[in-house]
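For reference, the structure discussed in these notes is given below.
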Amino acid sequence: MVQITPQETQSAFPLPDVFSEALNEMFTRVQPSIVQVRTEGRGGGTGVIWHKDGRIITNNHVVPADDAQVEISLFDGRKFQAQVLQRNPGIDLALLKITGEQFLALPFCRLDKAADWENGFSRLGIPGGNAG
């Protein structure tokens, strides 16, 4: 039997502490817009408050049907029943809606404005491509 001891690796481009601080700041900024999505019989997932009127984007595979019973939990502890507005299995996205007040939408900026790049930007992606 041969025992292999892992070697330490060092990057040619170590990440400065300012990178960690920037990530922490970004997560702190978007955290109130991240929601937990729970569905009957299927478990759950996450989503983002897309618009301050209560529209939420999540993955289609999280929402089993157009008439699914969906509960949304917000960062501040509030819970809401959500209505399924649209589902698109082809791109694995679903649009939900909750009714209430004081929803904090995910901050976005226009990518065609150079000044916005200095303030950072947000985008929604599907790791690994289409989940279907």
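Consider the range 64-75. How many of its residues are among the β-branched types (Val, Ile, Thr) and either out of contact with any Ser or Thr (no Cβ under 6 Å at 6 or more places or on another chain) or surrounded by fewer than 18 Cβ atoms within 10 Å (Cβ to Cβ) (or both)?
Qualifying residue count for the region: 1.
Considering only the range 38-62, how many residues are out of contact with any helix residue (DSSP H, G or I) (no Cβ under 7 Å at 6 or more places or on another chain) and within 24 Å of PRO107 (Cα to Cα)?
Number of matching residues: 15.
If we keep just the residues of the range 30-52 that are part of a strand (DSSP E or B) and modelled with pLDDT under 90, which is surrounded by the most Cβ atoms within 10 Å (Cβ to Cβ)?
Looking at residues that are part of a strand (DSSP E or B) and modelled with pLDDT under 90, I get GLY44.
Mind checking which residues of the range 87-107 are in contact with a strand residue (DSSP E or B) (Cβ under 8 Å, 6 or more places away or on another chain) and surrounded by 14 or more Cβ atoms within 10 Å (Cβ to Cβ)?
ARG87, LEU93, ALA94, LEU95, LEU96, LYS97, ILE98, PHE103, LEU104, ALA105, LEU106
Looking at the range 60-76, is at least one residue closer than 17 Å to VAL30 by Cα and at pLDDT below 90?
No, the range 60-76 contains no residue that is closer than 17 Å to VAL30 by Cα and at pLDDT below 90.
Out of curiosity, is ILE91 of a type in the set (Val, Ile, Thr) and outside any loop (DSSP other than H, G, I, E, B)?
no
The values are calculated or read from the model by the stated rules, or taken from the named source; none is laboratory data. Nothing here was measured: the structure is a model prediction, and the numbers come from that model. Every residue, glycine among them, receives a Cβ derived from its backbone with ideal geometry; neighbour counts consider all protein chains shown.
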